[in-house]
Structures are given as structure tokens and as C-alpha cells.
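FYI, it's all coordinate maths here, none of it is from the lab. Remember, it's a predicted structure, so these values are computed and weren't measured experimentally. Quick reminder, even Gly has a Cβ in these numbers, built from the backbone with ideal geometry, and neighbours come from all protein chains shown.
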Amino acid sequence: MTSAHLVPLTEALKRLALEGRCSSYADLAKRAGYRPPHSIHRLTEDLEELIRQDHAAGRPLLASLAVSRG
């Protein structure tokens with residue numbers, strides 16, 4: 001089960017998957033509603049949490065759609 005604070009991030013990643021696209025961390029942070037300061041840092045922490053949850057549930061790793069540079 002996805003934590004409530006990860007829902008906007010998960011939804012943004014699902015949209016990217018449906019579009020067949022990857023996204024830079026900066027663009028993904030904007031899409032998911034992260035605000036400065038430290039938006040990329042918080043995004044990477046949440047991506048790590050999402051990876052753990054997806055792996056434990058046997059789901060594809062949506063976080064793999066996030067790349068360091070677009």
C-alpha cells in the first residue's frame with residue numbers, strides 16, 4: 001500500500017509510464033508538487049521509499065522512470 005504522502009508522486013510516475021516517457025528529477029518534482037527548498041532531496045527520499053514499497057509488493061519499479069538529467 002502506498003503511503004498517502006507518496007500519492008502525488010505515484011500518480012505523476014503512472015502518467016509518465018502511460019506516456020512511455022522518463023522524467024528528470026527536477027521536472028518530476030514540479031509535476032508531483034514538490035516545492036523548494038530541498039525539493040530534489042525530498043523527491044529522492046520519496047523515490048527510495050516508493051522503490052522499497054514497489055519491490056515488497058512485487059510491482060514494477062515506477063521510480064525507474066526518474067533520471068538525473070532530462
Applied in sequence order to region 47-62, the curve 6.51 cos²θ - 1.76 cosθ + 1.60 (Karplus, θ = phi - 60°) yields integer Hz couplings, x standing for Gly and Pro, of 4, 4, 5, 5, 4, 4, 5, 4, 4, 4, 8, x, 8, x, 7, 4
Compute the FRET efficiency between residue 14 and residue 51 as 1/(1 + (r/R0)^6), taking r as their Cβ-Cβ distance and R0 = 22 Å, and round to the nearest 0.05.
0.90
Explain nothing, just compute: Karplus ³J(HN,Hα) = 6.51 cos²θ - 1.76 cosθ + 1.60, θ = phi - 60°, for every residue of region 10-17 in order, whole Hz, x for Gly and Pro.
4, 5, 4, 5, 5, 4, 4, 4
Beyond 18 Å, what share of the Cα-Cα pairs of the chain remains, rounded to the nearest whole percent?
29 percent
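What 222 nm value per residue comes from the helices of the chain, counting each DSSP H run with n ≥ 4 as -39,500 (n - 2.57) and dividing by all residues, nearest 500 deg cm²/dmol?
Values: 3 runs with 39 residues, N = 70.
Counting only the DSSP helices, I get -17500 deg cm²/dmol.
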Karplus-derived HN-Hα couplings along region 26-36 (A = 6.51, B = -1.76, C = 1.60, θ = phi - 60°), whole Hz, x at Gly and Pro:
4, 5, 5, 4, 5, 4, 8, x, 6, 10, x
